[in-house]
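The values are calculated or read from the model by the stated rules, or taken from the named source; none is laboratory data. As the structure is a computational prediction, the values presented were derived from the model and not from experiment. Note: ideal-geometry Cβ built from the backbone for every residue, glycine included; neighbour counts use all protein chains shown.
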Amino acid sequence: MLDTTLAHLCTLLSSSASFWVVATRQNSSSGKPKSPRIQVVLPEDLCLRLTALAEDESRTVSNMAKVLIQQGVQRYEQGGDRQVAAPVAAANQSSTEQLRSALESKQTGRLRGAPRRVRLHRPT
């Protein structure tokens with residue numbers, strides 16, 4: 001149903017803008033948060049190409065979009081446009097270094113008392 005809705009939205013909401021992205025967060029019926037969801041409005045020609053690729057690969061349209069986005073991000077990070085990717089990678093590396101140095105500078109605390117034995121009960 002989502003793919004049908006996505007295809008319908010692509011037809012109805014095609015515009016001259018490349019992409020509109022709106023992030024939403026949902027919870028499962030058990031209350032746990034699901035992975036983030038986005039809603040993307042594509043130009044009609046791109047939506048038709050995506051639908052054709054999905055049919056050729058025997059995938060849903062949303063799954064095909066996810067796979068292509070993953071591949072594009074991976075290529076971009078590996079060397080697509082270094083002018084933008086390099087500062088992002090440097091920021092990630094510096095925050096990692098900051099975290100590492102903060103953890104290394106902390107003193108380790110001693111445990112109090114003897115270790116406790118944990119007993120696991122088998123269901124009957």
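Taken together, the residues in segment 29-44 that are under 17 Å from the mean Cα position of the chain (by Cα) and part of a loop (DSSP other than H, G, I, E, B) amount to 4.
Selection within segment 45-102: residues that are more than 23 Å from S35 (Cα to Cα) and either touching a strand residue (DSSP E or B) at 6+ places or on another chain (Cβ under 6 Å) or not in a helix (DSSP H, G or I) (or both). The member of this set that is modelled with the lowest pLDDT is D81. Among residues of segment 61-73 that are on the phi < 0 side of the Ramachandran plot, those with a Cβ under 7 angstrom from a residue that is β-branched (V, I, T) and assigned to a helix (DSSP H, G or I), sequence gap 6+ or separate chain, pair up as V61/T51.
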